[in-house]
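Accompanying notes for the structure given below.
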Amino acid sequence: MQPKYVLGCETSCDETSLALLEIREGYKVNVLFHKTASQVAVHAPFGGVVPNLAKREHQKNLPILWDLLDAQIKEMDISPDYMCVTVGPGLEPALWQGISFFSDIHKKRYPDIPLIGVNHLEGHLYSFLLHPFFQGKEDIKDMFPMISLLVSGGHTMLGVLFDIGSYTLLGETKDDAVGESFDKVARLLSLPYPGGPEIEAIASQGDINAYPFPSPLIHGDDFDFSYSGLKTAVLYQVRTLTDDSSQSFSPSSQRNLPKEVCADIAASFQYRAFLPLVTKTKKAVSMYKAKSVVVSGGVSANSFLKKLCEEECGSDDTSVFFPPFEYCQDNAAMIALSGYIEAEHNRGYPLQANGILGL
Ligand code: KG4
Ligand code: ZN
């Protein structure tokens with residue numbers, strides 16, 4: 001097979017990202033261009049992503065990134081085979097920026113190639129292919145069935161992949177996403193946004209058993225998750241410790257909890273947040289006799305989660321993978337790859353922003 005050249009665009013939340021991949025038979029990928037402009041600093045003062053600011057930033061960043069990518073296309077004298085853009089789920093005003101931008105370029109520069117709408121969640125699902133292990137493996141068939149755990153700021157999902165292009169969703173969160181609960185607990189502890197890395201850092205100094213927070217749905221028969229009860233239990237604990245009657249997760253620098261107490265809260269929260277993920281992933285591994293487990297999404301950057309998953313879900317029969325960090329977070333490389341997989345299967349999502357698109 002001749003290599004295919006695939007352009008990807010991601011603007012579903014607070015990262016503007018463009019990529020150009022060269023894809024050969026067996027999903028062997030050469031990332032020719034991959035740049036992401038992060039908006040974390042823009043949203044940090046607000047303690048979370050502000051949709052209109054995200055839209056404005058995408059509008060500003062897309063042409064800048066495109067000029068860099070276009071220079072690369074010209075220098076390498078490449079004719080792209082596919083253009084792929086995230087259509088959902090995410091913030092609709094942000095998604096529209098990417099869709100309109102890529103539609104424009106498609107019309108002006110590459111009207112004869114397919115422009116493919118991509119499901120952001122499938123992008124995360126297939127990001128494992130960018131892992132050096134899979135890139136170096138002749139045939140990936142013996143890694144299926146694969147259990148896929150997606151843990152991000154917007155999603156908490158468990159699925160099973162039977163092959164590339166064939167998967168079933170097993171369960172998802174009933175309320176908050178796990179990353180979202182990290183961000184909210186971080187606010188309670190007066191830690192900056194995004195809260196995940198901050199909680200992980202202070203949790204390493206704390207005792208996981210200091211506060212016996214609940215781990216909701218851990219023993220259920222299904223594969224669903226819930227984080228709003230755990231988040232609220234932390235809120236009540238902080239209120240008790242500080243004599244504060246505030247009901248909200250607003251920034252609380254006035255609370256001034258001692259460092260050691262914050263570390264214990266963070267460690268206890270993090271442990272209880274991860275227990276259901278690991279327990280249900282392990283259950284899915286045994287139910288499907290899975291050959292591999294892949295954990296993706298921003299929360300997979302957490303090394304405590306990695307340790308728990310490797311210990312609990314890995315074995316001689318089941319390998320556990322965490323895609324490289326660059327491809328764990330929102331990025332356009334996974335979108336290009338996922339769009340290519342859609343095209344191979346003669347599929348694709350409508351070119352319209354869909355904030356609540358599911359798997
Ligand atoms: O996948 P992602 O970059 O964006 C989407 O939400 O789609 O994930 C961002 C989320 C944030 O909630 C952030 O707090 C969380 O991932 N996160 C972490 C860590 N690094 C990022 N959560 C726990 N531990 C981390 N080290
Ligand atoms: Zn994401």
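The values are calculated or read from the model by the stated rules, or taken from the named source; none is laboratory data. Since this is a predicted model, take the numbers as computed values, not measurements. All Cβ positions, even for glycine, are placed from backbone atoms using ideal geometry, and neighbour counts span all protein chains on display. All accessible areas refer to the heavy atoms of the entire protein, side chains included, with ligands and DNA or RNA removed. Shrake-Rupley method; radii C 1.70, N 1.55, O 1.52, S 1.80 Å.
Principal-axis analysis of the Cα atoms of the chain puts helix 51-76 at an angle of about 40° to the longest axis. Placing unit charges on the Cβ atoms of the charged side chains and taking the dipole of the chain about its Cα centre, the candidate lying farthest along the positive direction among Y327, P45, I73 is P45. For the residues P214, P258, P51, a GNM of the chain with alpha-carbon springs under 10 Å puts the largest fluctuation on P258. Of the peptides 323-335, 92-104, 56-68, the order by per-residue mean of other Cβ atoms within 10 Å, starting with the highest, comes out as 323-335, 92-104, 56-68. Under the criterion of Cα pairs below 8 Å and six or more residues apart, the relative contact order for the stretch 10-64 equals 35 percent. Average accessible surface for the chain: 42 Å² per residue, computed with a 1.4 Å probe over protein heavy atoms with every protein chain in place. Counting only DSSP H runs of at least 4 residues, each contributing -39500 (n - 2.57), and dividing by the residue count of the chain, the helix-based mean residue ellipticity at 222 nm comes to -13500 deg cm²/dmol.
Among the protein heavy atoms, those of V49 account for about 40 Å² of accessible surface (1.4 Å probe, every chain in place). Counting Cα-Cα pairs of the stretch 60-110 in 5 Å increments starting at 0 gives whole-percent bin shares of 5, 17, 26, 28, 15, 7, 3. The protection proxy used here, the mean number of other Cβ atoms lying within 10 Å of each residue, ranks peptides 151-159, 12-20, 222-230 as follows, highest first: 12-20, 151-159, 222-230. Counting only lysines at least 8 places from K4 when in the same chain, those with an alpha carbon closer than 27 Å to its own are K28, K35, K74, K107, K108, K137, K141. For the chain, the relative contact order is 25 percent, taking Cα pairs closer than 8 Å that sit 6 or more residues apart in sequence and dividing their mean separation by the residue count. The order of the peptides 270-281, 70-81, 344-355 by mean Cβ neighbours within 10 Å, most packed first, is 270-281, 344-355, 70-81.
Against the chain, whose longest principal axis comes from its Cα atoms, helix 332-344 is set at around 60 degrees. The long axis of helix 228-242 is offset from the longest Cα principal axis of the chain by roughly 40 degrees.
Normalised by 2.2 N^0.38 Å, where N counts its residues, the alpha-carbon radius of gyration of the chain equals 1.01. The Cα center of the stretch 302-334 and the Cα center of the stretch 84-146 differ in position by 20 Å. Ligands, DNA and RNA left out, the accessible area of the chain computed with a 1.4 Å probe is 51% carbon and sulfur.
A viscosity of 1.306 mPa s and a temperature of 10 °C, combined with the Kirkwood radius over Cα pairs in Stokes-Einstein, give a translational diffusion coefficient for the stretch 74-221 of 83 µm²/s.
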